[in-house]
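Peer 1: Provided herewith is a single structure, encoded as structure tokens, for subsequent inquiry.
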Amino acid sequence: MDFYFGLIQLIGVHTLLGLSAYVVLLTNQVTMAQAGFFGIGAYVAAMLTVLADFSIVPAILIAGFAGALIACLVGFPALRVKGLMLVVATLAFGEFVRLFFFNFDYQIAKGEIQVGPLGGEGFRQIRYFPENGWTTGDVALFVWVFVILIMAGLWWMDRSRIGAVLRAVGEDELAAQSVGLNLTAVKVSAMTIGGFIAGIGGGIYAHYTTHIEQSNFNVLLATFAIAYPILGGLSNVFGTLLAVVFIQGILVEGLRFMGDWRNLLFGALIVLAMNVRPRGLLDERAMMTLKRLFSRG
Amino acid sequence: MAENGAILQLKGLSKNFGGVQAVDMLDLDVPQGRIFGLIGPNGSGKSTTVNLICGVFPVSAGNVVFGGRDITGLAPHSRLTIGVARTFQNIRLFNHLTVWQNLWVAQNGEDDKAGQNFIRRWVSGPGSARQQVEEMLDFSGLAHRRDDLAGNLAFGEQRRLELARALAARPQMLLLDEPAAGMNMEEVGQLRDRLMKLRETGMTILLVEHVMELVMGVTDHIAVLNFGKKIAEGTPTEIQNDPLVREAYLGTA
């Protein structure tokens, strides 16, 4: 049972990571910085609970705000460039964050042992959940409360004018400007919301793994972050969730029995999915069909 | 407002693209409440002029003055808030948004009280937004297609939607870049009626156009560009009889 709870936690956290990139991708900006914000959230939340004895919820919220703040600061210079240059700039930021934590020591004595981040060794003993007697099931539930709240928030945002504004900028910047939209403000806002969600996701991740290190937040994670919403489709938040379940649940876990062949098939299936559904698994047409089915039934 | 009643003034406006002089020392006074035609052969700098007025790219020299205020260095999105709206030569709608959403994002009215409006303008647009969208749907005759994606509209409908989108923010002045391109004669006639209706409401319009039936039919005043320079200015009748204009369009005999 614990295996499944673990998988459910993982899917939840990766959904948050994917949703953080979803918001930015709506404005048609490809960001490789999400793993960086995720890492910042992880370290901030873990340091708050372990070193400063914070309770879990405030620690995670502060991690979210830390992610948002950094994303806002990074957004201003980074979003002046477009396309491939933005990919390179955000990639550089992600590596900067990773290397920062590679060299970051801040340990204090707690009873017999030293706790806190220790450079390349990482940050061990993030034991908030076990210390407070949470079971794996409790943690899974906790993760999904956040996932559901954030998905609901983004679902509402998509239906408000903000969603239309983000998509308008993503579709045609020149036209968006001509209807009075401030491109910088819109893009930086999207980046900030994305940073907040990534920070929350990171904060939760640090606590259920109990051990984080810089290599967790590498380019591969940044690639996953944008792969989820792109594969799932940008028509609504459920596409991202579907893609995370597809990749983490079916491809990574479900194909484990295939041994080394798994990685080969993994890549092939993603290529196949993108060919069959170029606008994502849940594209506009799929949503129309679903809507019709539900309104009839 | 300038003394001569011009709402838009271009003073020595110039733009060169790497040695090509697209617009060359252009002076233009567009009077308020009139339809002002800007014509000229292909490549004469008409679209560039529109783009300079909208701030799509910076000017090389000269000034753009709107309502007595120098807006030469103003950010493009701010020009809409002070009252300059435009359409594009190649229709640029938000194709994956619905007709309704296209009009909704274009709501930038400043009619809410300061302070309370920041969040609300983001979330739902200004207080009058929904009503304004409805008015625009009626004006453009697209009420029945409100929930369709803009990209799925027919060509003529897309042109109408783009015009409605420009009007949605209640501008004082409209810049129309070849609004009749690709239209049949019936559609051109409808467009003419729409422009006349707008003129009655006091809207100032700068009309860049190749379709002479439209230009000669609706404009009060016309300026002719050739190689970025103004070669003639006057009423439609004066322009039609101007030898320089004939030469620019037809070449020397």
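Peer 1: Specify the residue that is modelled with the highest pLDDT; the eligible residues are those in the range B:1-60 that are in a strand (DSSP E or B) and of a type in the set (F, W, Y).
Peer 2: So the residue we want is B:F36.
Peer 1: Given the criterion buried (at least 19 other Cβ atoms within 10 Å of the Cβ) and within 14 Å of chain B (Cβ to nearest Cβ), identify the matching residue among A:L174, A:L154.
Peer 2: After ruling out the rest, the residue left standing is A:L154.
Peer 1: Here's something else I'd like to know. Test B:F139 against the stated conditions and say whether it is closer than 19 Å to B:I35 by Cβ and more than 14 Å from chain A (Cβ to nearest Cβ).
Peer 2: Judged against the criteria, B:F139 is a match.
Peer 1: Return the only residue of B:G19, B:G37 being surrounded by 15 or more Cβ atoms within 10 Å (Cβ to Cβ) and away from chain A (no Cβ under 14 Å).
Peer 2: Numbers: B:G19 fails: surrounded by 15 or more Cβ atoms within 10 Å (Cβ to Cβ).
Exactly one residue qualifies, and that residue is B:G37.
Peer 1: Ok, one more. Quick one: would you say A:L231 is modelled with pLDDT under 90, assigned to a helix (DSSP H, G or I) and either under 20 Å from the mean Cα position of the chain (by Cα) or farther than 30 Å from A:R127 by Cα (or both)? If you could, list the steps in order and put the result at the bottom.
Peer 2: Values: modelled with pLDDT under 90: yes; assigned to a helix (DSSP H, G or I): yes; either under 20 Å from the mean Cα position of the chain (by Cα) or farther than 30 Å from A:R127 by Cα (or both): yes.
It is true that A:L231 is modelled with pLDDT under 90, assigned to a helix (DSSP H, G or I) and either under 20 Å from the mean Cα position of the chain (by Cα) or farther than 30 Å from A:R127 by Cα (or both).
Peer 1: Need the failing condition index for B:Q9 against (1) within 23 Å of B:L195 (Cβ to Cβ); (2) over 19 Å from the mean Cα position of the chain (by Cα), just the number.
Peer 2: Condition not satisfied by B:Q9: (2).
Peer 1: Which members of the range B:142-159 meet the condition of being crowded, with 22+ Cβ neighbours inside 10 Å and away from chain A (no Cβ under 11 Å)?
Peer 2: Residues of the range B:142-159 crowded, with 22+ Cβ neighbours inside 10 Å: B:142, B:150, B:159.
Across the range B:142-159, the qualifying residues are B:L142, B:R159.
Peer 1: Kindly check whether there is at least one residue in the range B:136-150 that is assigned to a helix (DSSP H, G or I), over 22 Å from B:N42 (Cβ atoms) and among the aromatic types (F, W, Y).
Peer 2: Yes; the residues of the range B:136-150 include at least one that is assigned to a helix (DSSP H, G or I), over 22 Å from B:N42 (Cβ atoms) and among the aromatic types (F, W, Y).
Peer 1: Here's something else I'd like to know. Give the residue that is surrounded by the fewest Cβ atoms within 10 Å (Cβ to Cβ), with candidates limited to residues of the range A:1-43 that are part of a loop (DSSP other than H, G, I, E, B) and over 14 Å from the mean Cα position of the chain (by Cα).
Peer 2: Among them, the one singled out is A:M1.
Peer 1: Out of all the residues in the range A:86-101, which are surrounded by fewer than 18 Cβ atoms within 10 Å (Cβ to Cβ) and closer than 12 Å to A:Y43 by Cα?
Peer 2: A:F100
Peer 1: Another one. Among the numbered criteria (1) out of contact with any strand residue (DSSP E or B) (no Cβ under 7 Å at 6 or more places or on another chain); (2) part of a helix (DSSP H, G or I); (3) basic (K, R), which one does B:R170 miss?
Peer 2: With (1) out of contact with any strand residue (DSSP E or B) (no Cβ under 7 Å at 6 or more places or on another chain); (2) part of a helix (DSSP H, G or I); (3) basic (K, R) applied to B:R170, the lone miss is (2).
Peer 1: Of the residues A:T223, A:T209, A:T184, A:T240, which single one is within 23 Å of A:G94 (Cβ to Cβ), touching a residue at least 12 places away in the same chain (Cβ under 8 Å) and within 14 Å of another protein chain (Cβ to nearest Cβ)? Let's see the steps before the verdict.
Peer 2: Values: A:T223 fails: within 14 Å of another protein chain (Cβ to nearest Cβ); A:T209 fails: within 14 Å of another protein chain (Cβ to nearest Cβ); A:T240 fails: within 14 Å of another protein chain (Cβ to nearest Cβ).
None of the others qualify; the one that does is A:T184.
Peer 1: Turning to a different aspect of this structure: Give me a count of the residues in the range B:64-82 that are charged (D, E, K, R) and either surrounded by fewer than 16 Cβ atoms within 10 Å (Cβ to Cβ) or on the phi > 0 side of the Ramachandran plot (or both).
Peer 2: 2
Peer 1: Of all residues in the range B:110-125, which are in contact with a helix residue (DSSP H, G or I) (Cβ under 7 Å, 6 or more places away or on another chain) and either of a type outside the set (D, E, K, R) or modelled with pLDDT of 90 or more (or both)?
Peer 2: B:W122, B:V123, B:S124, B:G125
Peer 1: Follow-up question, since we're still on this one. Look through the range B:63-91, keep the residues that are assigned to a strand (DSSP E or B), touching a residue at least 12 places away in the same chain (Cβ under 8 Å) and more than 8 Å from every other protein chain (Cβ to nearest Cβ), and return whichever of them is nearest to B:L174 (Cα to Cα).
Peer 2: Applying the filter and picking the extreme gives B:V84.
Peer 1: Given the criterion of a type in the set (A, V, I, L, M) and surrounded by fewer than 22 Cβ atoms within 10 Å (Cβ to Cβ), identify the matching residue among B:A85, B:A61.
Peer 2: Step by step, each of B:A85, B:A61 is checked, and only B:A61 is of a type in the set (A, V, I, L, M) and surrounded by fewer than 22 Cβ atoms within 10 Å (Cβ to Cβ).
Peer 1: Taking the range A:115-172, which residues are part of a helix (DSSP H, G or I), charged (D, E, K, R) and touching a residue at least 60 places away in the same chain (Cβ under 8 Å)?
Peer 2: Matches in the range A:115-172: A:E121, A:D158, A:R167, A:E171.
Peer 1: Could you check A:P278 against (1) surrounded by fewer than 17 Cβ atoms within 10 Å (Cβ to Cβ); (2) in a helix (DSSP H, G or I) and say which number it fails?
Peer 2: (2)
The values are calculated or read from the model by the stated rules, or taken from the named source; none is laboratory data. Quick caveat, the model's predicted, so the values are computed rather than measured. Cβ coordinates were reconstructed from backbone atoms using ideal geometry, including for glycine residues, and neighbour counts include every protein chain displayed.
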